[in-house]
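The values are calculated or read from the model by the stated rules, or taken from the named source; none is laboratory data. The structure presented is a predicted model; accordingly, all values stated were derived computationally and were not measured. Heads up, the Cβs are rebuilt from the backbone with ideal geometry, glycines too, and the neighbour counts pull from every protein chain shown. In case anyone asks, the SASA skips ligands and DNA or RNA and just uses the protein heavy atoms, side chains included. Shrake-Rupley method; radii C 1.70, N 1.55, O 1.52, S 1.80 Å.
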Amino acid sequence: MDGAETTTEPDTDPGIGLPSSGRTGDGGRPEQGAPLLIPGETCWRIERATRFAIFVDAADYFATVKRAVLSAERRVLFIGWDFDPRIQLDPLDGGRPEDDRLGAVLDQAVTANPQLHIGVLQWDLGMLRALGRGLKPIVLLDRQTPDRLTFAVDTHHPVGGAHHQKIVVIDDCLAFAGGIDITADRWDTSEHADGNPHRRRPGSGRAEGRLTGPWHDATSIMAGPAARAVAELALERWESGTGERLEPLTLERDCWPEDVEPLLTDVDVAISRTRPEHGGLDLVHEIELLWLAVIAGARRAIYVESQYFASRRIADAITERLREPDGPDVVVVNPWTADGWLSEKAMGTARALVLESLREADVHDRFRLYTPVTEQREHIYVHAKVTVVDDRLLRIGSSNVNNRSMGLDTECDLAIEMVEGRPGADRLAETIVGFRDRLLAEHLGCTPEDVVAAIADTGSLVQGIERLRRPTGRSLVPFEPPELGPADRALAESEVMDPEKTPNRWRRVERFFARRRRPRALVRP
């Protein structure tokens, strides 16, 4: 595949233009430092979060969701790709496992509070996956629960599409959104200890389920207007999936969990969506446009964690930046293999194909794709969907780097951007790059300070990681794709299992956002 082939063609939707928002320089082009997040283009809307935090890996997230559900006053909504009421939420707490299971916690919450309603909306084909794990159909679960606890299956999507959002909303004043499904196999701590006895699938009856492998994931929590905006998105999904319209709540209370330390306070949070064209609704592909914008605008480093790396359009955009003599380093953290044979056939072959073009274009040695391993060198499954661009933008959400997340599935991503000249910009920049370094420290088995020092000494994200990688123990391992046979190559090139569903706007986005790069020397690597 010629890495520049698709991106040099004219945009396929020339009737749609990006606005000239922000400061402008000569010719009406935006000056350096203008925002990447533009409502109506690269995001749906931007709202203030009074407090914002990120859970890395599911252990603390599940425990916090449990406490939030039990303290809810009026309504809890779960919007998910998958859902398993048999999982334990807080196995480290030491209580009885049967009382800690998600279904029991939901029952306890509605029993204790007659004013509380809980709704669970799950993607319909995700329900079929759950049946394979021995879970009762949602429709049967719904008949066995109190009237104020509703389980529903969402069929409102195109053929082959998925509702892939992972959202929990508490009383419309607290929202969780990101990449963690509240289902089996997700629970783990950031230590990813080999053979952790709490990392297991739900058992049958009182029997313990089998142990599962290490799993890396991430999601966010927020309060304030940003939480209400996510709640609005969840209400829209509930109505589209069930036909039931729920009114927004107007509770005035501080529902932030006391034991969660905010990463940021009083920060603007952008919400970006993918919504397929279906049922009379137009295509929304803000997430893809944001991807293209941050690739065009990156100056020193792009750090990505994703379950897949299979979007040819995203890869082509990165390819162009890798060819530049002063372009950014690009580091991608992926799982070693996709979860399941079919996914590997679709996404694994596509990843191998795009890696060929990226490595051919990487004439300046600025690209790496790694997979994390445990202390005993077991591969850690990466399910997180995180992007950090320079010290400027932090994105966390449900979307993967594949075509279906850009135009076929329903997705929700959140982003925080540092814009020069705004109050608190320096502190926000430090927080953004600090979060990336915290993730790298987890993967490399070192401290964030070690990461900071290695990147500063080498002046490069790639070379800093290379200095810290180890041949034994916890570390990152360079990924080497398998050799593609003729059948697999034809499958990947056809994109029949992961077709593009969006118009190509890379050239337009690149022209608009390239001027938004800050001078290289002013950006933290």
### Query
Which one of these does Arg438 not meet: (1) over 13 Å from the mean Cα position of the chain (by Cα); (2) without any contact (Cβ under 8 Å) to a residue 60 or more places away in the chain?
(2)
### Message
Contact list please: Cβ distance under 6 Å, first residue in region 399-425 and over 30 Å from Asp282 (Cβ atoms) and modelled with pLDDT under 90, second residue part of a loop (DSSP other than H, G, I, E, B) and not aromatic (Phe, Trp, Tyr), pairs at least six apart or on different chains.
### Response
Glu420/Gly33
### Query
Between a first residue in region 357-371 that is free of Cβ contacts under 8 Å to residues at least 60 places away in the same chain and a second residue that is surrounded by fewer than 19 Cβ atoms within 10 Å (Cβ to Cβ) and of a type in the set (Lys, Arg), which pairs have beta carbons less than 7 Å apart while being 6 or more apart in sequence or on different chains?
Val363/Arg323
### Query
In the set Phe52, Phe78, which member is outside any helix (DSSP H, G or I), farther than 25 Å from Leu439 by Cα and at pLDDT 95 or above?
Phe78
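Residue-wise test of (1) on the phi < 0 side of the Ramachandran plot; (2) in contact with a His (Cβ under 9 Å, 6 or more places away or on another chain); (3) surrounded by 18 or more Cβ atoms within 10 Å (Cβ to Cβ).
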residue	(1), (2), (3)
Arg395	yes, no, yes
Ser399	yes, yes, yes
Glu420	yes, no, no
Asp426	yes, no, no
Val433	yes, no, yes
Arg436	yes, no, yes
### Message
Which pairs turn up if I take residues in region 52-73 that are hydroxyl-bearing (Ser, Thr, Tyr) and look for partners that are surrounded by 21 or more Cβ atoms within 10 Å (Cβ to Cβ) with beta carbon separation below 6 Å, at least 6 apart in sequence or on another chain?
### Response
Tyr61/Phe55; Tyr61/Ile180; Tyr61/Thr219
### Message
Tell me whether region 329-339 contains one or more residues that are open to solvent by 30 Å² or more (accessible area, probe 1.4 Å), free of Cβ contacts under 8 Å to residues at least 60 places away in the same chain and at negative phi.
### Response
yes
### Residue identified as out of contact with any Gly (no Cβ under 7 Å at 6 or more places or on another chain) and without any contact (Cβ under 8 Å) to a residue 24 or more places away in the chain among Asp254, Asp282, Asp266
Asp282
### Query
Looking at Arg474, Arg368, Arg470, which is the one that is basic (Lys, Arg) and either within 18 Å of the chain's Cα centre (by Cα) or surrounded by fewer than 18 Cβ atoms within 10 Å (Cβ to Cβ) (or both)?
Arg470
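Quick check on this structure: which one of Leu283, Leu292, Leu249, Leu263 is of a type in the set (A, V, I, L, M), open to solvent by 20 Å² or more (accessible area, probe 1.4 Å) and either out of contact with any helix residue (DSSP H, G or I) (no Cβ under 7 Å at 6 or more places or on another chain) or more than 30 Å from Gly119 (Cβ to Cβ) (or both)?
Matching residue, one of Leu283, Leu292, Leu249, Leu263: Leu249.
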### Message
Quick check on my filter: what residues within region 210-224 are assigned to a loop (DSSP other than H, G, I, E, B), in contact (Cβ under 8 Å) with a residue 60 or more places away in the chain and over 15 Å from the mean Cα position of the chain (by Cα)?
### Response
Gly213, Pro214, Gly224
